[in-house]
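Below: the structure, in C-alpha cells.
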Amino acid sequence: KRFKEPEEERRPWRIWFYDTSKQAIGALFIHFANVFLSDLTEEDPCSLYLINFILDATLGMLLIWLGVKVVSWVVQRKKYMYLVFGEYG
C-alpha cells in the first residue's frame with residue numbers, strides 16, 4: 001500500500017511502520033481475545049469473532065475517538081507540542 005501513495009506525499013518508512021503497527025496490534029488483540037473466549041465458553045469461535053469484531057468496530061472506535069478528542073484537548077490546553085497526533089518528530 002505504501003507504494004500506491006504519490007511519491008511526493010509518501011510517508012517515511014518509520015512513520016509508515018508506526019501507522020501500520022497500530023493496526024497489526026489491534027488485529028492480534030482481537031485474535032487472542034477470541035481464542036481466549038472460545039476456550040472459556042462452549043460458543044462457536046466464529047460467532048465469538050463476529051461479536052468481537054462488531055464491538056471493536058463500534059464501541060472500540062467510539063472509545064478511541066473520545067480518547068483522541070480528550071488527549072488533543074489536553075495537549076492544546078497545556079501546549080504539549082510533542083504529543084500532537086500525527087506528528088512523529
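The values are calculated or read from the model by the stated rules, or taken from the named source; none is laboratory data. Owing to the predicted nature of the structure, the values given are computational and were not obtained by experimental measurement. Neighbour counts run over all protein chains shown; Cβ positions are idealised from the backbone, glycine included. Only protein heavy atoms, including side chains, enter the accessible area calculation; ligands, DNA and RNA are left aside. Shrake-Rupley method; radii C 1.70, N 1.55, O 1.52, S 1.80 Å.
Brief remarks follow.
- Helix 61-78 axis versus longest C-alpha principal axis of the chain: approximately 30°, rounded to the nearest ten.
- Of all lysines in the structure, the ones whose alpha carbon falls short of 19 Å from that of Lys69, not counting any fewer than 8 places away in one chain, are Lys22, Lys78, Lys79.
- Charge tally around Asn34: other residues with Cβ under 14 Å, Lys/Arg +1 each, Asp/Glu -1 each, net -4.
- Positive-end residue of Tyr82, Met61, Pro12, charge dipole of the chain with Cβ unit charges: Tyr82
- Here the 3J(HN,Hα) profile of the range 39-48, calculated from phi with Karplus coefficients 6.51, -1.76 and 1.60 at θ = phi - 60°, is 6, 7, 10, 9, 6, 5, x, 5, 5, 5 Hz, Gly and Pro shown as x.
- Carbon plus sulfur fraction of accessible area for the chain, probe 1.4 Å, in percent: 68 percent
- Here each label is just a point 7 Å from Cα along the line to Cβ, and for Ile54 and Val75 those points are 3.4 nm apart.
- Stokes-Einstein diffusion coefficient of the chain, Kirkwood radius over Cα pairs, 25 °C, 0.890 mPa s, in µm²/s: 154 µm²/s
- Sites Phe32 and Val68 - FRET efficiency at Förster radius 35 Å, r taken between beta-carbons, to 0.05: 0.90
- Cα-centre dipole for the range 21-89 with unit charges at Cβ (Lys and Arg positive, Asp and Glu negative), debye to 20: 800 debye
- Taking every protein chain into account, the 1.4 Å probe leaves Asp44 with about 80 Å² of accessible area, to the nearest ten.
- The residues of the range 2-78 expose on average 85 square angstrom of accessible surface per residue, using a 1.4 Å probe on protein heavy atoms.
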